[in-house]
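*Asks:* Have a look at this one before I ask anything.
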Amino acid sequence: MLNENDRKELRKKIPYGYCRKIAMRANVNETQVSNYFSGRGNSDRVENATLEILSELSEYKRKMLNKII
């Protein structure tokens, strides 16, 4: 489980609107996602969904950069 500071750093990397996608992937509501990032709650499902989505975004950006270069 990530600490509160790590969660805030993750939150900064998430594009606008992705809390809803995280909630859908983790099968929780958006309030639980918000509580997780603010440190008011813990959820392995939210954490895992967040890391998966950030990994997918990173891979997508890498592929797009390779097409440009």
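The values are calculated or read from the model by the stated rules, or taken from the named source; none is laboratory data. It should be emphasised that the depicted structure is a prediction, and the values quoted were computed from it without experimental measurement. Note that each Cβ is placed from the backbone with ideal geometry, even for glycine, and that neighbours are counted across all protein chains shown. Heavy atoms of the whole protein, side chains included, go into the accessibility calculation; ligands, DNA and RNA do not. Shrake-Rupley method; radii C 1.70, N 1.55, O 1.52, S 1.80 Å.
*Asks:* What does the charge count near Arg40 come to, summing +1 for each Lys or Arg and -1 for each Asp or Glu among other residues with Cβ under 11 Å from its Cβ? Please report the intermediate quantities before stating the final value.
*Replies:* On the way: positive: Arg7; negative: Glu4.
In short, 0.
*Asks:* Scale the Cα Rg of the chain by the rule-of-thumb value 2.2 N^0.38 Å and send over the ratio, two decimals.
*Replies:* Numbers: Rg = 12.9 Å, N = 69, 2.2 N^0.38 = 11.0 Å.
That works out to 1.17 for the chain.
*Asks:* Filter the chain for me: DSSP H helices, axial length by Cα at least 20 angstrom, mean Kyte-Doolittle hydropathy not below -1.0. List them by residue number. Numbers along the way, then the final one.
*Replies:* On the way: long enough: 44-68 (36 Å, -0.67).
The answer, listed by residue number, is 44-68.
*Asks:* Just how much of Met64 is accessible, in Å², when a 1.4 Å probe is used and the result is rounded to the nearest 10?
*Replies:* Ignoring ligands and nucleic acids, Met64 comes out at about 70 Å².
*Asks:* Under 11 Å from the Cβ of Leu10, count the other residues' Cβ atoms, weight Lys and Arg +1, Asp and Glu -1, and hand me the total. Please list the in-between numbers first.
*Replies:* Details: positive: Arg7, Lys8, Arg11, Lys12, Lys13; negative: Glu4, Asp6, Glu9, Glu47.
Spelling it out: positives minus negatives among the neighbours equals +1.
*Asks:* Which length gain, in nm to one decimal place, applies between Glu4 and Lys67 when the Cα-Cα distance is subtracted from 0.36 nm times their residue separation? Walk me through the intermediate numbers first.
*Replies:* On the way: separation 63, 0.36 × 63 = 22.68 nm, distance 3.64 nm.
Between Glu4 and Lys67, full extension yields 19.0 nm more.
*Asks:* Right, another one. Stretch Arg11-Asn42 to full length: gain in nm at 0.36 nm per residue minus the Cα-Cα span?
*Replies:* Details: separation 31, 0.36 × 31 = 11.16 nm, distance 1.45 nm.
Stretched out fully, the Arg11 to Asn42 stretch lengthens by 9.7 nm.
*Asks:* Tell me the mean residue ellipticity at 222 nm calculated for the chain from its helices only (DSSP H runs of n ≥ 4, each -39500 (n - 2.57), averaged over every residue, nearest 500). Intermediate values should be presented prior to the final figure.
*Replies:* Working: 4 runs with 53 residues, N = 69.
Taking each H run of at least 4 residues, the total per residue is -24500 deg cm²/dmol.
*Asks:* A further question follows. So if R0 is 25 Å, what FRET efficiency would Leu57 and Asn35 give, r being the distance between their Cβ atoms, rounded to the nearest 0.05? Kindly include the intermediate steps, with their values, before the conclusion.
*Replies:* Working: r = 22 Å, r/R0 = 0.90.
It comes out at approximately 0.65.
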